1. Of B:Ser264, B:Ser317, B:Ser307, which residue is buried (at least 17 other Cβ atoms within 10 Å of the Cβ) and at pLDDT below 95?
2. Does B:Asp258 fit the bill of being more than 10 Å from chain A (Cβ to nearest Cβ), under 29 Å from B:Pro150 (Cβ atoms) and out of contact with any helix residue (DSSP H, G or I) (no Cβ under 7 Å at 6 or more places or on another chain)?
3. Whether any residue in the stretch B:298-309 is touching an Asp or Glu at 6+ places or on another chain (Cβ under 7 Å), over 24 Å from B:Arg106 (Cβ atoms) and facing chain A (nearest Cβ under 9 Å) is what I want to check.
4. So how many residues does the stretch A:215-229 have that are surrounded by fewer than 21 Cβ atoms within 10 Å (Cβ to Cβ) and more than 13 Å from every other protein chain (Cβ to nearest Cβ)?
5. What do you reckon, is A:Ala140 within 23 Å of A:Glu70 (Cα to Cα), among the hydrophobic types (A, V, I, L, M, F, W, C), in contact with a Leu (Cβ under 8 Å, 6 or more places away or on another chain) and part of a strand (DSSP E or B)?
6. Restricting attention to the stretch B:273-292, which residues are buried (at least 17 other Cβ atoms within 10 Å of the Cβ) and more than 7 Å from every other protein chain (Cβ to nearest Cβ)?
7. Among the candidates A:Phe165, A:Phe175, single out the residue that is over 24 Å from A:Pro143 (Cβ atoms), within 14 Å of chain B (Cβ to nearest Cβ) and of a type in the set (A, V, I, L, M, F, W, C).
8. I want to confirm something. Restricting to the stretch B:74-100 and keeping residues that are away from chain A (no Cβ under 14 Å) and farther than 14 Å from B:Val119 by Cβ, which single residue is surrounded by the most Cβ atoms within 10 Å (Cβ to Cβ)?
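The values are calculated or read from the model by the stated rules, or taken from the named source; none is laboratory data. Predicted, not measured: the structure shown is a model, and the values here were computed from it. When we count neighbours, we look across all protein chains shown, and the Cβ atoms used for this are built from the backbone with ideal geometry, even at glycine.
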There are 2 protein chains.
Amino acid sequence: MEDTVALSLDEVRALAHRVLAQLGLSERQIGPVAETIVAGERDECGAHGIYRLLSCAHTIKAGKVVLDAEAVVHDMAPALVRVDGGGGYAQLAFDLGRPILSEKARNCGIAALGLNNCVHFAALWPEVEALAEEGFVALAFTPSHAWVAPAGGTRPLFGTNPIAFAWPRPGTSPFVFDFATSAVARGEIELHRRADKPIPLGWGLDPEGNPTTDATAALAGSMLTFGGHKGSALSAMVELIAGPLIGDMTSVESIAADDGANASPLGGELIIAIDPKSFLGAAAAEHLARAEQIFDGITGQGARLPSLRRYEARARSLANGVRVSKKLYDDILAQLG
Amino acid sequence: MEDTVALSLDEVRALAHRVLAQLGLSERQIGPVAETIVAGERDECGAHGIYRLLSCAHTIKAGKVVLDAEAVVHDMAPALVRVDGGGGYAQLAFDLGRPILSEKARNCGIAALGLNNCVHFAALWPEVEALAEEGFVALAFTPSHAWVAPAGGTRPLFGTNPIAFAWPRPGTSPFVFDFATSAVARGEIELHRRADKPIPLGWGLDPEGNPTTDATAALAGSMLTFGGHKGSALSAMVELIAGPLIGDMTSVESIAADDGANASPLGGELIIAIDPKSFLGAAAAEHLARAEQIFDGITGQGARLPSLRRYEARARSLANGVRVSKKLYDDILAQLG
């Protein structure tokens, strides 16, 4: 059993604040970035908890984050708002845009928020979950770095291009999913490489475009999308609607801007919020209750809701705090040295 | 080689009008329904061309279509409109709602159209493609009949729940995809049953919930989603946003309403339109041009755009008309007898 360190969530938060301050990030950005890291650790999403402080450190030291970024709102239309993140982390831009998105969705029934010129290191579920907690149905999309080949192709073009969705559930936590349109996360292939383990066929192609079970070859070549040509089509959609549609970079452009630094992707994100009360009026409660039959239909046959594991972890963490790897904890403390 | 009959597209249209009139469908509905069938035959989507006249005949004779349906518009919010199809075909409701959706999307930047109480027999691409031809980015979703098990489950819960997307391309036809979130279309499994051919593992489960290669067992049991838990999550999303969100039926409720008639599904559909000009202002042309690099990146490595096959077929059909199976043609003529 690996050595671990017990931390309360307040201690996780304090650690994140200390490390991010030491790295020179402005107070304005530290707050929302730290909350995202606390949420990831709390929900036992290993790759999106305090582990991300190391990738923040790497990205900041590579000069790829504007440390004192100021986000600027551009009100484009009654149901559209863009927030230019000024080269800072997306959390700052989202926090500024979220209340405007909410107001527009309540007024118009549906609205969209485009985040531009932001550094992305986090999962999308904290954002769509927050909107569902306000009563909205929410969707989010973002490109990343060009690592993934289109179906039928042999070379990287798409990012891992996640799609996140949240649905408000009266009296309980929202139904949420958030997944990469690549077959697996890039980190999963990296873990296989470190462990010197073969990867299953279907995860990647070697630099010559041939199917491979070699993690190093797949990382040097291209990843594949989930679900064949359907996943590939969805990945193209994410490139388009969270890239050119909002005037921001494609994954090819983002990895070119990275210029070998291996920093977190820079670019855009699209978030859509729909107000069920606008669609349904007084019947909203009745129809939201009817939606519960779908969830009952899933769990009633022994299948799992995609958000369940996180919510179970969250309940544990809120009661007992978290345990993190001693080695990871020491690596993070070393950032303070 | 199967015997075929050569038809001009006008002859296809005239055939559709004659059959639908003979079946008692109102003139108001015949127009848009026939155009959808012409579009399917023109684009050589075998299952969505004149073959669908047989399923229209079946559904109408089963009493599952309101022949003289009147669609009614409900303006819900600045960016939301619902159209109650009155139990008629979705094409009537879409034609009524489309200009309102377009106007709302132009005014607000993003807008949504919910179609309610409609019979659905067609693919969704004609609708999103039409919106993209107007310059919008468009998405469409609809549940169907509960035939598909959730990932990790063993019993039907979801419909085949397609997702369609279209992106406007200056000077050429839109980028469009439209696919079921089931592993394959139900008709594909039916074709295997008729041909007495085994189906691949991953398409379906037998009535006891075990993986099967037997088409009859899968049709009696459950179909599976594409892409494992990710496809299953997307299918759940379609159930929610094109069902309860717009006050309409789930796939479980739709198949219950069918009551064994094996008619086309009755229920809702959600269509979202986004106006790139609202997001981008004067820079819209520049960013739409930049999106072309994504398409070039796909085709430049020998991969195909999902809409290419249809557009190639369309060019052939517009020049030369179509050839349809003599047996199918005779079966359709028999409806006129």
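1. When all the criteria are applied, what remains is B:Ser307.
2. yes
3. Looking for residues that are touching an Asp or Glu at 6+ places or on another chain (Cβ under 7 Å), over 24 Å from B:Arg106 (Cβ atoms) and facing chain A (nearest Cβ under 9 Å), one finds none in the stretch B:298-309, hence no.
4. So the answer is 4.
5. yes
6. B:Ala273, B:Asp275, B:Lys277, B:Ala284
7. Every option except A:Phe175 fails the conditions.
8. Here the residue is B:Leu96.
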